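All of the numbers you see were taken from the coordinates with simple rules; none came from a lab. The structure displayed is predicted, hence computed values, not measured ones. Here the Cβ positions follow ideal geometry from the backbone for every residue, glycine too, while neighbour counts run over all protein chains shown.
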Amino acid sequence: MSKYWNKKINEAEPYVAGEQPKPGQKVIKLNTNENPFPPSPMARAVLRSFDISELRLYPDTNATEFIEAVAEVEGVKPTQVFAGNGSDEILALCFQTFFEKDSNTDLPVLTPEFSYSFYPVFESFYDIRSKKIPLREGLRLEAEDYVGVPNCGIAIANPNAPTSRTIGLEDIEKILKGNPDSVVIIDEAYIEFAKPYFTAVSLINDYPNLCVVRTCSKSYSLAGLRVGYAIASEELIEGLKRARDSFNSYPTDRLAQRIAAASVLDVNYHKKCLEEIIATRDYTSEELRKLGFDLPDSSANFIFAKPCEGLDAETLYKNLRAKGILVRYFKTAGINDRLRISIGTREEMEAFIAAVSEEVTNAKNS
Ligand code: PMP
């Protein structure tokens, strides 16, 4: 609290990011869904050849080189792509652009009960009412639950975080058709890890109310660069530009635009990293199941696992932390019996499984 802050900031409940270790601290970091592989070699080539004197000049507001790269890879028009400073910024702009508190109707934004924990932060910061839609048995999202519920917008992460589960395109269409007057955000931060791969981008020409939000942070190994993008109808993209230019008209810098463009165009390297992470995810899931853990099949670069009987999630989180392995534990009722574990390299996941096995043995003997 401060007398210098306004009411909104005094009352804000900011997002709490996962722990970042201090430089030089040696840990196995499986807590913030980063990619264990380095960015594309093309990104390094950009860095090497970058002319520093370019930084005198402001960057291109629209990040044209980057959005053209995305358009080419995703098979859409550059006018259907919007770039921002990480997908968190894009999501913030989406909430400000498409959702609103209307004092006459007071309609809520619909989000899954357990989902990306930034959504409720945006809702309260932008003063929009929220309605959480419960998940079904097994943390499953049911499309029908989003139809016939009055709302001013819908935001769904697909794959959902932290559950790691997806809904298919038919379900997404059901939600879009059932809510033609609302914008439906499909946050695809992790979709490239889905096997088989699919994307709601394939629906943008049929649904002007669909806004797909993507990021370079996860599958492109560029969390530190801060580049995200939205793919949607030109009408929605125009709205995002109006919001951006009312706040910060240069959200992505010159170097970031160039590196992100080169990374997106390096399709083969991207594919290779994805395949390796998917294989390691499947290995880790299988090993955890052998140890008696319960987890849904993951479509993301993380898994959401409930420890075996006799081992509680919080204790396991603390014990792993003491061994230098960071995973994510949410104290939230309803999911506080699970851990979210990001997928690292094969070696890291073998070390993780060995540490978990030890904990299981200790718990059984105690
Ligand atoms: N959406 C979801 C579901 C996420 O988990 C994250 C990562 N915390 C983001 C969006 C934001 O990613 P970034 O801002 O790095 O693009």
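Key figures
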{"item": "Too-long pairs where the Cα-Cα distance tops 30 Å, listed order kept, from Lys26/Lys306; Lys29/Lys271; Lys8/Lys77; Lys132/Lys177; Lys132/Lys290; Lys131/Lys174", "result": "Lys8/Lys77; Lys132/Lys290"}
{"item": "Check: the chain dipole with +1 on Lys, Arg Cβ and -1 on Asp, Glu Cβ, in debye", "result": "1140 debye"}
{"item": "Global form of the range 292-364, assessed from the alpha-carbon gyration tensor, a/c cut-off 1.5", "result": "rounded"}
{"item": "Per-residue HN-Hα couplings for the range 296-305 [Karplus 6.51, -1.76, 1.60; θ = phi - 60°; Hz; x = Gly/Pro]", "result": "x, 4, 8, 10, 10, 9, 8, 10, 10, 10"}
{"item": "C-alpha center-to-center spacing [the range 1-67, the range 79-97] in angstrom", "result": "15 Å"}
{"item": "Gaussian network model of the chain, springs between alpha carbon atoms under 10 Å - residue of Asp282, Asp206, Asp253 with greatest fluctuation", "result": "Asp206"}
{"item": "Ascending count of other beta-carbon atoms within 10 Å, so fewest first, for Ile128, Ile52", "result": "Ile52, Ile128"}
{"item": "Net charge of neighbours whose Cβ lies under 14 Å from the Cβ of Pro180, counting Lys and Arg as +1 and Asp and Glu as -1", "result": "-2"}
{"item": "Test item: Cα-centred dipole of the range 142-243, Lys/Arg +1 and Asp/Glu -1 on Cβ, debye", "result": "500 debye"}
{"item": "Part-to-part distance (alpha-carbon centres) for the range 298-366 and the range 112-149, which is given in Å", "result": "26 Å"}
{"item": "Environment charge at Ser103 (Cβ cut-off 12 Å; Lys +1, Arg +1, Asp -1, Glu -1)", "result": "-2"}
{"item": "Kirkwood Rh in Å, taken over the range 150-288 so that all alpha-carbon pairs contribute", "result": "16.5 Å"}
{"item": "Hydrodynamic radius by Kirkwood, which averages 1/r over all alpha carbon pairs of the chain, in angstrom", "result": "21.5 Å"}
{"item": "Exposed trypsin sites (Lys or Arg not before Pro) absent: longest stretch of the chain, with sites in DSSP loops and at most 11 other Cβ within 10 Å deemed exposed", "result": "27-330"}
{"item": "222 nm mean residue ellipticity, helices alone, for the chain (DSSP H n ≥ 4; -39,500 (n - 2.57); rounded to 500)", "result": "-11500 deg cm²/dmol"}
